[in-house]
Amino acid sequence: MNWRSLPSLASLRAFAALADAGGASAAGAALNVSHAAVSQQVRALERDLGLKLIRKDGRGLALTGEGERLARVALGAFGAMAAEADALRASEEARGLRVTTTPAFAANWLMPRIADFRAKHPEIDFTLDPTPALADLGPGGADLAIRFGNGDWPGVDAEPLVPSDFVIVGAPGIIGDRPIEEPADLLDMPWLQELGTNEVDDWLTSRGVTARRTGRITSLPGTLIVGAVVRGDGVTATARAFVEAELKSGALRCLFAEEGANAGYHLVTPRGVLSPAARAFVAWARRQRAN
């Protein structure tokens, strides 16, 4: 296709609206612009083509032969585009909203609040995918994600939702009186970590611990971690926001804390235009953050 031969889309749209409505005033009302703007676009189209497309007909306007020819093509093309756009919107609305996050965040933060979102947006079909795996965002994947980190991820937009340090915690009963001053002091401890992650070894490596770990690791769904660590089944690495109450009550002790300027859970969205359902969820989550 020779794209350079195409006239301005704005001028074609104005001409098609005029041909459909029968006059500049009615076309302007349909396009939500002034009749003068419609007339200006049509004159620009005539100059571009070097043809007269409309003529005076008494007090009104009529199409020339060339205008009628172009109008048939333009109205057919714009009609097809409008129909396809409506179909795409309907398909997107029918697909609903898919949100992916970790099981721990789903259980501890999202699920206690999700009834409020459903009440405010009963028209949106909602699917929650609680998984530690990083899901693809965009067409065919999730609409948005909620993930822990500093928000510095390539190819996506991220904004803080729940600020939180990353902490290593354990129950007083399992810690006992043993001195824990360095991360290496935890090498022989039993560990709990979220199923599908490698948080324990990743944390030890990040703290410069190269010695081999001798304590066992039990991998559990994120929804079971807090209860298990409170029972004394092991120590774990988690977001402080999920164990704040247990730390305050003394049910857990904080052994180490990783503080970051932007650490915490973030709303992660693909770059570009979000679906109406995704925009509604983002706006709702921001209000939850403010509460």
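Could you sort 103-116, 190-203 so that the peptide with the highest average Cβ count within 10 Å comes first and the rest follow in order?
Answer by packing, highest mean first, reads 190-203, 103-116.
How far apart, in nm, are two points set 7 Å out from the Cα along the Cα-to-Cβ line at K56 and at A283?
4.9 nm
Tally Lys/Arg at +1 and Asp/Glu at -1 over every other residue whose Cβ is under 14 Å from the Cβ of H266; what's the total?
Net charge in that neighbourhood comes out at 0.
Ignoring ligands, DNA and RNA, please state the percent of accessible area on the stretch 161-255 from carbon and sulfur, probe 1.4 Å.
In the stretch 161-255, the share of accessible area belonging to carbon and sulfur is 49 percent.
Pop out the ³J(HN,Hα) list for the stretch 78-84 in order, Karplus 6.51 cos²θ - 1.76 cosθ + 1.60 with θ = phi - 60°, rounded to Hz; leave Gly and Pro as x.
5, x, 5, 5, 5, 5, 5
How big is the charge dipole of the chain about its Cα centre, in debye rounded to the nearest 20, if each Lys and Arg gets +1 on its Cβ and each Asp and Glu gets -1 on its Cβ?
So the dipole magnitude of the chain works out to roughly 1340 debye.
Could you identify which residue out of L63, L274, L252 has the top mean-square fluctuation in a GNM of the chain using Cα springs shorter than 10 Å?
Most flexible of the set in this elastic network: L63.
Quickly work out the R271-to-A257 label distance, labels modelled 7 Å from Cα along the C-beta direction, and quote it in nm with one decimal.
Each label point lies 7 Å from its Cα, and together they span 3.5 nm.
Roughly speaking, what is the centre-to-centre gap between the stretch 100-174 and the stretch 1-79 when only Cα atoms are used, to the nearest Å?
A separation of 50 Å, based on Cα centres.
How much solvent-accessible surface does I225 expose, in Å² to the nearest 10, with a 1.4 Å probe and all protein chains in place?
Taking all protein chains as shown, I225 has close to 20 Å².
Rounded, prolate or oblate: which one fits the stretch 161-212, using the alpha carbon gyration tensor with axes a ≥ b ≥ c (rounded when a/c is under 1.5, else prolate when a/b beats b/c, else oblate)?
The shape class here is oblate.
Could you provide, to the nearest whole Å², the per residue accessible area of the stretch 138-291 with probe 1.4 Å?
49 Å²
Please work out which option in (i) 34, 21, 17; (ii) 26, 22, 18; (iii) 63, 18, 15 gives semi-axes √(5λ) of the Cα gyration tensor in Å calculated from these coordinates, and answer with its label.
Of the listed options (i) 34, 21, 17; (ii) 26, 22, 18; (iii) 63, 18, 15, (iii) comes from this structure.
Of all beta bridges DSSP finds with both residues in the stretch 1-142, what is the antiparallel percent, to the nearest 5?
Within the stretch 1-142, antiparallel bridges account for around 40 percent of the total.
Below 8 Å between Cα atoms, with a sequence gap of 6+, how large is the relative contact order for the stretch 79-192 in percent?
Relative contact order here is 25 percent.
Positive end of the charge dipole of the chain (Lys, Arg +1 and Asp, Glu -1 on Cβ, about the Cα centre): tell me which of A83, H121, P183 has its Cα farthest that way.
After comparing all options, I get A83.
Note down the relative contact order for the chain as a percent, whole number, built from C-alpha pairs under 8 angstrom at least six residues apart.
20 percent
Let me have the relative contact order for the stretch 22-119, percent, based on Cα pairs under 8 Å that are six or more residues apart.
The value is 13 percent.
As a test, work out the antiparallel percent of DSSP beta bridges whose residues both lie in the chain, rounded to the nearest 5.
If we restrict to bridges inside the chain, about 60 percent are antiparallel.
Using modelled amide H (1.01 Å from N, peptide plane; none on Pro or chain starts), what sits under 5 Å from the amide H of D129, excluding residues fewer than 5 places away?
Hits under the 5 Å cutoff: V99, T100, T101.
Tell me, what is the FRET efficiency for V73 and E123 to the nearest 0.05, using R0 = 30 angstrom and their Cβ-Cβ distance as r?
0.20
Assuming 0.36 nm per residue, please report the length gained on full extension of the stretch A115 to A36 beyond their Cα-Cα distance.
In short, 23.4 nm is gained.
Under a point spin-label approximation (7 Å from Cα along Cα-to-Cβ), what is the K248-R231 distance to one decimal in nm?
Rounded to a tenth, the inter-label distance reads 2.6 nm.
Once R0 is set to 25 Å, what does the formula 1/(1 + (r/R0)^6) return for the Cβ-Cβ distance between D136 and A87, expressed as a FRET efficiency to the nearest 0.05?
After rounding, the FRET efficiency stands at 0.55.
The values are calculated or read from the model by the stated rules, or taken from the named source; none is laboratory data. Every value quoted in this text rests on a predicted model; they were computed, and no experiment measured them. A quick note on method: Cβ atoms are made from the backbone with ideal geometry, for glycine too, and the neighbour counts reach across all protein chains shown. We work out accessible area using only protein heavy atoms, side chains counted, and drop any ligands, DNA or RNA first. Shrake-Rupley method; radii C 1.70, N 1.55, O 1.52, S 1.80 Å.
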